[in-house]
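The values are calculated or read from the model by the stated rules, or taken from the named source; none is laboratory data. Given the structure is predicted, the values throughout are model-derived calculations rather than measurements. So basically every Cβ, Gly included, is an ideal-geometry build from the backbone, and we count neighbours across all protein chains shown. Areas reflect the complete protein model, heavy atoms only, side chains present, ligands, DNA and RNA absent. Shrake-Rupley method; radii C 1.70, N 1.55, O 1.52, S 1.80 Å.
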Amino acid sequence: VGFLLGYLASAFVPLVRPTQQSPAVSAPTAPGPRLSPSEIDSALKAAHASLDAGDLQAAWEKYHQILMSDRSNAEALTHLGIILTQSNKPDEAIKLYDRALSLNPKYAHALFDKGQALKEKGDAKGATEAFQRFLTLVPQDSDDAKRVKGWIAELGRPDKPQKEKRRDKQATGGAVEE
């Protein structure tokens, strides 16, 4: 998969924009018109649906359009981070999770995804810190809390083989639902 450089106008943070495999689709598109608050909600739903369907390009464009209208939309920033994580760009994703958390320090989804990105990078300490912050924000008996507690325990075991870690990553695959 090829990548083009893109920019978030709100933060001037360089991002990597996923592209389709077809060269005809790789030309950058101009962002759409500014969105009203109700249009932002609809655009978020459409972007989430595209992301869930695996259409990273369409999801990227919708989240970017949302941020052009609402620079402080932590949800859109977090989901752009998910796209970058899935595109094997964890450092860029972590920057977006940090930006989302600077806007809303109690945004559990960003903490969950940041922890996953740090875990994938091999940063056990950073992942554990993000996961522990996440646990302070969610019900302790939730499925996500149980999964995160397991990951924290796993991160505390340095003897776990890399192959098993990769298999766990593939099995868990995604982020918390909102």
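Would a scan of the stretch 143-156 turn up a residue that is buried (at least 16 other Cβ atoms within 10 Å of the Cβ), modelled with pLDDT under 95 and in contact with a Ser or Thr (Cβ under 6 Å, 6 or more places away or on another chain)?
Yes, some residue in the stretch 143-156 is buried (at least 16 other Cβ atoms within 10 Å of the Cβ), modelled with pLDDT under 95 and in contact with a Ser or Thr (Cβ under 6 Å, 6 or more places away or on another chain).
From the residues in the stretch 28-42 that are in a loop (DSSP other than H, G, I, E, B) and open to solvent by 60 Å² or more (accessible area, probe 1.4 Å), which one is modelled with the highest pLDDT?
Filtering the stretch 28-42 for residues in a loop (DSSP other than H, G, I, E, B) gives 28-36.
Adding the requirement that they be open to solvent by 60 Å² or more (accessible area, probe 1.4 Å) leaves 28-31, 33-34.
Working: Pro28: 45, Thr29: 48, Ala30: 51, Pro31: 54, Pro33: 67, Arg34: 80.
Once the filter is applied, the top-ranked residue is Arg34.
Quick grid of which residues meet (1) surrounded by 16 or more Cβ atoms within 10 Å (Cβ to Cβ); (2) touching a helix residue (DSSP H, G or I) at 6+ places or on another chain (Cβ under 7 Å); (3) farther than 27 Å from Ala153 by Cα:
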{"site": "Leu44", "(1), (2), (3)": "yes, yes, yes"}
{"site": "Ala74", "(1), (2), (3)": "yes, yes, yes"}
{"site": "Ile94", "(1), (2), (3)": "yes, yes, no"}
{"site": "Gly122", "(1), (2), (3)": "no, no, no"}
{"site": "Ala127", "(1), (2), (3)": "yes, yes, no"}
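Is it true that Gln140 is open to solvent by 20 Å² or more (accessible area, probe 1.4 Å), of a type outside the set (Ser, Thr, Tyr) and over 24 Å from Leu51 (Cα atoms)? Full working, then the answer.
Working: open to solvent by 20 Å² or more (accessible area, probe 1.4 Å): yes; of a type outside the set (Ser, Thr, Tyr): yes; over 24 Å from Leu51 (Cα atoms): yes.
So Gln140 fits the description; yes.
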